[in-house]
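Have a look at the structure below before the remarks.
The values are calculated or read from the model by the stated rules, or taken from the named source; none is laboratory data. All values reported here derive from a predicted model rather than from experimental measurement. Please note: Cβ atoms are built from the backbone with ideal geometry, for glycine as well, and neighbour counts cover all protein chains shown.
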Ligand SMILES: [Zn+2]
Ligand SMILES: [Zn+2]
């Protein structure tokens, strides 16, 4: 896909033509370079998806391996700002031959026409690589506990409030409590 192309609607398929491998001898290989802009895979909004995948024909199916880079739209758990979290992941899965049953371990199979939609594998690996507490920057100062302003953006104008390390936030809340409860 070319840069500047409009966002593809969700439910996108990443279809690869594997017909040459289905009919090849074991060990035959095919390399596919992915370079997709602004795609959405179910709830995952990706800024791009790039990298190289290697497909290898085996006895029991087609092995897919490689390294992919992406950026996923998410929200900072400290300051609640939307940003793209960069994620690199290494898919490693076996695509079943036409007619084989789909399982949890093998969610993809080649169609009778020789195509495979590998988006279920991509999605699974992105979820595994995605951090549980995404942070927009290691230096993110979060939001002010008093006024809710984003300290990174200078939105907090509370008197005497110094930007503080979030690790001290709990301690400060404890210290503040007696004064506030009067
Ligand atoms: Zn942040
Ligand atoms: Zn404030």
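Quick notes on this one:
- Residues of segment 58-77 include at least one that is assigned to a loop (DSSP other than H, G, I, E, B) and within 16 Å of ligand 1 (Cβ to nearest atom).
- Residue in segment 148-170 that is farthest from the chain's Cα centre (by Cα), counting only those that are more than 19 Å from residue 77 (Cα to Cα) and either at pLDDT below 65 or assigned by TED's automatic domain parsing to the domain that holds residue 89 (or both): 160
- Of all residues making up segment 21-41, the number that are touching a residue at least 60 places away in the same chain (Cβ under 8 Å) and in a strand (DSSP E or B): 1
A quick yes/no check of all residues on (1) under 18 Å from residue 32 (Cβ atoms); (2) assigned by TED's automatic domain parsing to the domain that holds residue 56; (3) modelled with pLDDT of 95 or more; (4) within 16 Å of ligand 2 (Cβ to nearest atom):
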site: 72; (1), (2), (3), (4): no, yes, no, no
site: 93; (1), (2), (3), (4): yes, yes, no, no
site: 102; (1), (2), (3), (4): no, yes, no, no
site: 105; (1), (2), (3), (4): no, yes, no, no
site: 109; (1), (2), (3), (4): yes, yes, no, no
site: 118; (1), (2), (3), (4): yes, yes, no, no
site: 121; (1), (2), (3), (4): yes, yes, no, no
site: 143; (1), (2), (3), (4): no, no, no, yes
site: 146; (1), (2), (3), (4): no, no, no, yes
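- Checked against (1) loosely packed, with under 15 Cβ neighbours inside 10 Å; (2) touching a helix residue (DSSP H, G or I) at 6+ places or on another chain (Cβ under 9 Å); (3) under 30 Å from residue 155 (Cβ atoms), residue 90 passes all but condition (3).
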